[in-house]
Amino acid sequence: MPRVSRLVALASAALLASGGAACSSPSSGEDGGSGDWSPITIEHALGTTTIESQPERVATVNWANHEVPLALGVVPVGMAAANFGDDDGDGVLPWVEEELEELDAETPVLFDEADGIDFEAVADTRPDVILAAYSGLTQEDYDTLSEIAPVVAYPETAWGTPWREVIELNSQALGMADEGAELVADLEEEIDTAVADHPRIEDRSAMFLTHVDATDLSEVSFYTTHDTRAKFFEDLGMETPESIATASADTDKFSLTRSTEQADTFDDVDIIVTYGGDELVSSLEDDPLLSQMPAVENESVVNLPEEDPLGTAANPTPLSISWVLDDYLSLLDAAASEA
């Protein structure tokens, strides 16, 4: 039996065995009433998805998509286990744990995505919709998941959906577009209020280096303007260096690599953000080429811990923003004082 057909068969069998029990469902339809649902059509990079009826069982894959329904009071039946910044190893980040506690809900089924999407595990949760507005789905992934339930994929670039659009698309799929818009407005207000307390970072230029190999600094990689980490700098009142904007203009990739010999390209960068520790910063400072970058020379480097929830601070998600915002701004502020 073909794999996708087998997945559908598994899901159907599980649904019959359980009597079709459902999890939390959206509180309102697209037109504002739970009793009147009009089909919702969402276009995205991998196709067009139509949600014919109000979803009651919501599954999510890849990073952070589960945070949208949770923020709107809907508990998913299954979601991806956290594989970054999970300090206690339970697969759930602290802001998600807090939201589940507030909703008096059990932890949903956690999908292990260490080796890619676990399609059978997703099928076993019998979802009515699968949210993946922020994801790196391939066309094959999307097609396979679509055999299970309607799938909402990213609008343009893999791993490049800004947090506002993640909320917009995922909430639309739930029939909760108005609630999603309200969530966006609340977070924007919270960000603006917090940023006002850190005037030193205003108009500072920043770049985000990807995971740097301190043992081999012959090349450096960085996130382009298509990546949510780089986009978040603008939310914080900071600027995109011209060097990063120029490099990003001719690609749709979320990261690029340059030879260290081209380090002088980034002379317009005031602050560097990266993942690592003091050893990494020391390596940058000791390198004869990278040490000449103004941000390194001025010790204006923010090194986020990889094994701590704070390490996810630079990648804004609906629930994490409130949890890490003050700490992240404090780190950027300290770096700005050296720039």
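The values are calculated or read from the model by the stated rules, or taken from the named source; none is laboratory data. Just so it is clear, the structure is predicted and the values come from calculations on it, not from any experiment. Cβ: placed from backbone, ideal geometry, glycine included. Neighbour counts: every protein chain shown.
Residues being over 13 Å from PRO69 (Cβ atoms) and small (Gly, Ala, Ser): count how many of those fall in region 163-176.
Adding up the residues that qualify gives 0.
Is there any pair linking a residue in region 303-328 that is among the small types (Gly, Ala, Ser) to one that is buried (at least 20 other Cβ atoms within 10 Å of the Cβ) and assigned to a loop (DSSP other than H, G, I, E, B), with Cβ under 6 Å and at least six apart or on different chains, and which?
GLY311/GLY85
Residues of region 117-137 being part of a loop (DSSP other than H, G, I, E, B) and touching a residue at least 12 places away in the same chain (Cβ under 8 Å), which ones?
Result: ILE117, THR125, ARG126, PRO127, ASP128, ALA132, ALA133, TYR134, SER135, GLY136, LEU137.
Of the residues ALA214, ALA158, ALA149, which single one is touching a strand residue (DSSP E or B) at 6+ places or on another chain (Cβ under 9 Å) and either in a loop (DSSP other than H, G, I, E, B) or buried (at least 22 other Cβ atoms within 10 Å of the Cβ) (or both)?
ALA149
Against the definition (outside the structural domain of PRO309 (by TED's automatic domain parsing), of a type in the set (D, E, K, R) and in contact with a Pro (Cβ under 9 Å, 6 or more places away or on another chain)), how does GLU120 come out, yes or no?
Details: outside the structural domain of PRO309 (by TED's automatic domain parsing): yes; of a type in the set (D, E, K, R): yes; in contact with a Pro (Cβ under 9 Å, 6 or more places away or on another chain): no.
Against the criterion (outside the structural domain of PRO309 (by TED's automatic domain parsing), of a type in the set (D, E, K, R) and in contact with a Pro (Cβ under 9 Å, 6 or more places away or on another chain)), GLU120 does not qualify.
To keep it simple, each residue is scored yes or no on (1) crowded, with 19+ Cβ neighbours inside 10 Å; (2) in contact (Cβ under 8 Å) with a residue 12 or more places away in the chain; (3) in contact with a strand residue (DSSP E or B) (Cβ under 7 Å, 6 or more places away or on another chain); (4) not charged (D, E, K, R).
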{"residue": "HIS198", "(1), (2), (3), (4)": "no, yes, no, yes"}
{"residue": "GLU202", "(1), (2), (3), (4)": "no, yes, no, no"}
{"residue": "PHE208", "(1), (2), (3), (4)": "yes, yes, yes, yes"}
{"residue": "THR224", "(1), (2), (3), (4)": "yes, yes, yes, yes"}
{"residue": "ARG229", "(1), (2), (3), (4)": "yes, yes, yes, no"}
{"residue": "GLU234", "(1), (2), (3), (4)": "no, no, no, no"}
{"residue": "GLU242", "(1), (2), (3), (4)": "no, yes, no, no"}
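Among the residues of region 38-67, which ones are in contact with a Ser or Thr (Cβ under 6 Å, 6 or more places away or on another chain) and within 29 Å of ASP104 (Cα to Cα)?
GLU56, ALA59, ASN62, ALA64, HIS66, GLU67
Do the conditions hold for ARG200, that is, is it among the basic types (Lys, Arg), assigned to a helix (DSSP H, G or I) and out of contact with any Ser or Thr (no Cβ under 7 Å at 6 or more places or on another chain)?
Details: among the basic types (Lys, Arg): yes; assigned to a helix (DSSP H, G or I): yes; out of contact with any Ser or Thr (no Cβ under 7 Å at 6 or more places or on another chain): no.
No, not satisfied.
Would you mind finding the one in LEU174, LEU169 that is more than 18 Å from the chain's Cα centre (by Cα), buried (at least 23 other Cβ atoms within 10 Å of the Cβ) and not assigned by TED's automatic domain parsing to the domain that holds GLY276?
Selected residue: LEU174, the only one of LEU174, LEU169 that is more than 18 Å from the chain's Cα centre (by Cα), buried (at least 23 other Cβ atoms within 10 Å of the Cβ) and not assigned by TED's automatic domain parsing to the domain that holds GLY276.
Do we have any residue at all in region 251-271 that's part of a strand (DSSP E or B) and among the β-branched types (Val, Ile, Thr)? Give the derivation first.
Start the filter on region 251-271 by keeping residues that are part of a strand (DSSP E or B), which leaves 255-259, 271.
Keeping just the survivors that are among the β-branched types (Val, Ile, Thr) gives 257, 271.
Scanning region 251-271 turns up at least one residue that is part of a strand (DSSP E or B) and among the β-branched types (Val, Ile, Thr).
Are any residues in region 287-301 part of a loop (DSSP other than H, G, I, E, B) and either crowded, with 20+ Cβ neighbours inside 10 Å or in contact (Cβ under 8 Å) with a residue 12 or more places away in the chain (or both), and if so, which ones?
The answer is ASP287, LEU289, MET293, ASN298, GLU299, SER300.
Would you mind stating whether PHE233 is under 29 Å from PRO309 (Cα atoms) and in a strand (DSSP E or B)?
no
Can you tell me which residue among ALA59, ALA64 is touching a residue at least 60 places away in the same chain (Cβ under 8 Å), not in a loop (DSSP other than H, G, I, E, B) and not hydroxyl-bearing (Ser, Thr, Tyr)?
Matching residue, one of ALA59, ALA64: ALA59.
Suppose we keep only residues that are surrounded by fewer than 20 Cβ atoms within 10 Å (Cβ to Cβ) and of a type outside the set (Asp, Glu) within region 82-91. Which one would you say is farthest from SER322 (Cα to Cα)?
Keep residues of region 82-91 that are surrounded by fewer than 20 Cβ atoms within 10 Å (Cβ to Cβ), which gives 83-84, 86-91.
This time we only want the ones that are of a type outside the set (Asp, Glu), so: 83-84, 89, 91.
On the way: ASN83: 20, PHE84: 18, GLY89: 22, GLY91: 20 Å.
That would be GLY89.
With of a type in the set (A, V, I, L, M) and either surrounded by fewer than 21 Cβ atoms within 10 Å (Cβ to Cβ) or touching an Asp or Glu at 6+ places or on another chain (Cβ under 8 Å) (or both) as the only criterion, which of LEU304, LEU280, LEU332 stands out?
Going through LEU304, LEU280, LEU332 in turn, the sole match is LEU280.
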